[in-house]
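The structure under discussion appears below in the form of structure tokens.
The values are calculated or read from the model by the stated rules, or taken from the named source; none is laboratory data. Keep in mind the model is a prediction, meaning the values are calculated, not measured. Virtual Cβ from ideal backbone geometry, glycine too; neighbours counted across all protein chains shown.
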Amino acid sequence: MKGSFERLRESIKSRKAHVAVIGCGYVGLPLCLAVVDAGFNTLAIDIDEEKLKFLSEGRSYIREVPDGEIKKALDTGMFTPSRPEGIKDADIILICVPTPLDEHRNPDLAAIISTSEEIAKRFRSPSLVILESTTYPCTTEEVVKPILDKSGLRFGDDYFLAFSPHRYDPGSLKWTVRNIPKVVGGVDRISGDLAELFYSEVVDKVVRVSSARCAEMVKMLENIFRAVNIALINEVKVVLDRLGIDSFEVVEAAATKPFGFMPFYPGPGFGGHCIPLDPYYFVWKAKEVGYPARFVELAGEVNRETISRVFEKLLEAAHKKSITLKNAKVLVLGVSYKKDVGDTRESPAFPLMRRLVSIGADLVYYDPFVLRIGHLREYPEFEGMRSTELSEDILRGVAAAVIITDHSGVDYELIARYVPVIVDTRGVFRKLKIDSSNIFCA
């Protein structure tokens, strides 16, 4: 009789393995579709009934995933939206659930823990479980594995466990689940072997590393690198502003060096699910092993403070133009965290909007990618708010505007023509070569 490893390996190679993707958000849903496209029967598992209803009807709730892709997957007969009960039918289980911070900026693993408990109640032998959610090193071994062990199934015999961090470039037409290299590490060697085999059927290139904890740290490092460099340029910009030096010009010139430099541009701070959060996951783990990762923690503080400087710049610019923002209409341009996407997670727009409301401003926003603001964990007061239109009539009534996200296709020249005070955090008007006394860089 063949062992668990051999049976799983054969089911993967023959594409007879059934795959469950738990968590069908920005990461899980595209992954589901890629697994279906690779020829595996796939369960799209979520606890959100509305998402399951959308998927069952061939509709998408993510702007970057067209309805047509959902319908195409359904038409194959290999894509099934499901509640967690569907876990019992899976041979391979991929965990793609959120990993936010708690109110003290410590890791909140509640979703990973509850998902692992659901798996432990339902999964069968043999199974391969792969955590994809971004988290600190050792989570797969120290958090997920002990929960799965309580099921009575034996690790390394009845089930196998690995980690493979998701890599996702929202809004990119170039980089997809298929062609982004996939890092894989197992809790033990044979778990890594199975995970590597599975992903090699789904993506173009698999990068095998020695362990799950190494794979976890790969994702940490990628995002810490970005967080630290964004903080660096935002802090440098403060000094350059006081020296009368154009920070964008400095970065552009430095980027002509063909080696040893990667350009990062100043902005209102960072956003998205990973970069604002991951450094704190690493800092927490570093403290646990007795080392204060001061440099990484400082980067997070610098980036959180950046939006406060934008707010102060707006007040200063309004004062120069003798404009009082209380009861005045203030327009926030862009509430998504990244250009030309509809993802609002951790967007720096929301702390700014809260500050504006606190001083009595009549707040409006425009974002062609976010027509209505959805659920916000930290800023619920803005849920349901709808984007205004950009027209001459509306802009004539705006006292001040702040560019947070520099979406394409926005008529910035029209805005410059009618709004008395504009704070530009993205260098938009510099690129357009528009220099006017009503435009202030921040």
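For the reader, a short list of remarks on this structure follows.
- Checking each residue of region 411-420 against the condition of being closer than 30 Å to S60 by Cα and without any contact (Cβ under 8 Å) to a residue 40 or more places away in the chain gives at least one match.
- Pair list, Cβ < 8 Å and 6+ apart or interchain, from region 86-101 residues that are over 13 Å from C24 (Cα atoms) to residues that are aliphatic (A, V, I, L, M) and modelled with pLDDT under 95: T99/L277; P100/L277; L101/L277
- Residues of region 126-160 classified as within 30 Å of the chain's Cα centre (by Cα) and part of a loop (DSSP other than H, G, I, E, B), total: 7
- Failed criterion for L243 (all others in (1) under 18 Å from the mean Cα position of the chain (by Cα); (2) more than 30 Å from H18 (Cβ to Cβ) hold): (1)
- Within region 75-104, tally of residues that are surrounded by 15 or more Cβ atoms within 10 Å (Cβ to Cβ), under 18 Å from the mean Cα position of the chain (by Cα) and farther than 12 Å from G23 by Cα: 2
- Residues in region 2-23 that are part of a loop (DSSP other than H, G, I, E, B) and modelled with pLDDT of 95 or more were compared, and the one that is surrounded by the most Cβ atoms within 10 Å (Cβ to Cβ) is G23.
- Of all the residues in region 34-74, those that are touching a residue at least 60 places away in the same chain (Cβ under 8 Å) and either aromatic (F, W, Y) or within 22 Å of Y199 (Cα to Cα) (or both) number 6.
- Across region 196-217, the qualifying residues are those that are within 22 Å of the chain's Cα centre (by Cα) and among the β-branched types (V, I, T), and the one among them that is nearest to N41 (Cα to Cα) is V202.
- Pairs with Cβ under 7 Å, 6+ apart, first in region 355-378 and among the charged types (D, E, K, R), second part of a loop (DSSP other than H, G, I, E, B) and loosely packed, with under 14 Cβ neighbours inside 10 Å: D362/N327; R372/G384
- All positions within region 15-52 that are among the small types (G, A, S) and out of contact with any Phe, Trp or Tyr (no Cβ under 8 Å at 6 or more places or on another chain): A20, G23, G25, G28, A34, A38, G39
- Filtering region 400-442 to residues that are in a helix (DSSP H, G or I), under 19 Å from K321 (Cα atoms) and among the hydroxyl-bearing types (S, T, Y) leaves only Y418.
- All positions within region 284-298 that are among the small types (G, A, S) and in contact with a helix residue (DSSP H, G or I) (Cβ under 6 Å, 6 or more places away or on another chain): A293
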